[in-house]
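Visitor: Once you've had a glance at the structure underneath, I'll fire off some questions.
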Amino acid sequence: MMQYLQPALQISLVGMGLVFLGILILWAMMALLVRIFADKHGNTEYETTKSEDSDELGKKRLAAAIAAATAIEMHNTSILSSSHKERESISAWQSAHRSQQLNKSRSSFSRKN
């Protein structure tokens with residue numbers, strides 16, 4: 001048993017060393033590319049204009065309106081059809097669990113005060 005443990009540990013250490021060496025090489029390459037292609041003027045901050053801010057606000061408002069409309073529509077709709085045949089009745093157990101699942105899904109979309 002011990003004769004297999006030592007080579008296994010050596011292989012593990014060599015593997016971990018190669019992984020960290022690869023990470024360091026990638027880090028050095030990224031640092032080199034940043035130095036080569038960096039902005040020469042020293043402006044590293046991104047400047048946002050007023051139109052970009054208002055466009056972002058418009059997108060957020062649109063997303064909020066879509067989310068609200070979807071939540072209202074999901075709250076107002078119900079499942080009208082059943083997978084059971086018309087003449088086949090469902091048990092009280094199935095009915096109770098089905099209504100519990102519907103109430104749970106509706107409550108997840110309702111607003112919490």
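Laboratory data are not the source of any read-out in this text; all were calculated from the coordinates shown. Please read these numbers as outputs of a predicted model, since none were measured by experiment. Neighbour counts run over all protein chains shown; Cβ positions are idealised from the backbone, glycine included.
Visitor: If r is the Cβ-Cβ distance from Glu52 to Ile23 and R0 is 41 Å, what FRET efficiency results, to the nearest 0.05?
Guide: According to the calculation, E is roughly 0.70.
Visitor: Also, quick follow-up: Multiply the residue gap between Arg61 and Phe37 by 0.36 nm, knock off their C-alpha separation, and tell me the result in nm, one decimal place.
Guide: The Arg61-Phe37 span can extend by a further 4.9 nm.
Visitor: A further question on this structure: Please give the length that would be gained between Leu13 and Arg106 if that part of the chain were fully extended, namely 0.36 nm times their separation in residues minus their C-alpha to C-alpha distance (nm, one decimal).
Guide: 28.1 nm
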